[in-house]
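First comes the structure, then the notes that go with it.
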Amino acid sequence: MQVDYVKVGLLFDPVTEKRRTVYSFIGTLSYSRHKYVEIVYSQDQKSFVESHVRMFKFFGGVPKTIVIDNLKSGVIKPDLYNPQLNRSYSDMAGHYNCFIDTARVATPKDKPKVERDVQTVREEFKVMLALNENLTITEANKKFRSTVQIAKHFNLIGGKLIAGDSTKLRAQNSKKNNFNKKEIKRHLAYIENKLEEYNNQLQEADNEQSNIFIRFSRFLKVNKKQTIRMAYTM
């Protein structure tokens, strides 16, 4: 998973009755590209950790590795091999048993997937604000969640948890890997034919082995009789 913060603009705060700068916390799963988006007022440690916890709850699980840049909310001292994390962020990672991998300083290509989502989220936010000038942070977050609900409604994502080993999996929808009912039926027929061929080969092998055993038994009987005759002759 790759995580990033991005400034998206201003939103009306009903508490202060003023417009405040808001940021978008984005977490992108590296292989499915499924993302979690949350609009927040602050990028401090408390907000950063709380956004992670809500993201884990949203996905229903915790990724093994999280790639972040060197923002102060998570990293005190950047280092390629031994970065020093903030205590609260380090404690969170330890609690959820996930590894924090920091990107190189000023190197956005170390987390390209979430960087692509940054522009998408900015554009979506602009559209929301254009449709509603008095958009609140609660309404914005509901709208970002609604895209996931629509995907679930049309069975584009299952929302089920699966267990797997460390194999890297990536969503694909190429013609070769796409299976409809007709394709599945064809593959099942192919498998049945192969199984029948295999069973026939086994039967032929058994018959051949049986014939060899019969011939060998006859050979032993003949030789046994000859051996007995030779013994009596001697």
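The values are calculated or read from the model by the stated rules, or taken from the named source; none is laboratory data. The shown structure was predicted, so the numbers you read here are calculated from the model rather than taken from an experiment. Methodologically, a virtual Cβ is constructed for each residue, glycine included, from the backbone with ideal geometry; neighbour enumeration extends over all protein chains shown.
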### Message
Considering only segment 21-44, I want to know if a residue exists there that is more than 24 Å from Met128 (Cβ to Cβ), in contact with a helix residue (DSSP H, G or I) (Cβ under 8 Å, 6 or more places away or on another chain) and assigned to a strand (DSSP E or B).
### Response
no
### Query
Restricting to segment 82-103, what's the tally of residues that are outside any helix (DSSP H, G or I), surrounded by fewer than 18 Cβ atoms within 10 Å (Cβ to Cβ) and under 24 Å from the mean Cα position of the chain (by Cα)?
4
### Residue that is farthest from Thr28 (Cα to Cα), among those in segment 129-144 that are in contact (Cβ under 8 Å) with a residue 24 or more places away in the chain and assigned to a helix (DSSP H, G or I)
Leu129
### Query
What is the one condition in (1) under 20 Å from Lys7 (Cβ atoms); (2) more than 20 Å from the chain's Cα centre (by Cα); (3) surrounded by 13 or more Cβ atoms within 10 Å (Cβ to Cβ) that Gly27 does not satisfy?
(2)
#### Entry: Identity of the residue in segment 104-128, of a type in the set (A, V, I, L, M) and part of a loop (DSSP other than H, G, I, E, B), that ends up modelled with the lowest pLDDT
Ala106
#### Entry: Answer from Arg54, Arg20 - the residue that is in contact with an Asp or Glu (Cβ under 6 Å, 6 or more places away or on another chain), without any contact (Cβ under 8 Å) to a residue 24 or more places away in the chain and in the same structural domain as Thr147 (by TED's automatic domain parsing)
Arg20
### Test for Lys126: is it surrounded by 12 or more Cβ atoms within 10 Å (Cβ to Cβ), touching a residue at least 24 places away in the same chain (Cβ under 8 Å) and of a type outside the set (A, V, I, L, M)
yes
### Message
So, in segment 1-19, exactly how many residues are more than 18 Å from Phe144 (Cβ to Cβ) and either touching a Leu at 6+ places or on another chain (Cβ under 6 Å) or buried (at least 16 other Cβ atoms within 10 Å of the Cβ) (or both)?
### Response
1
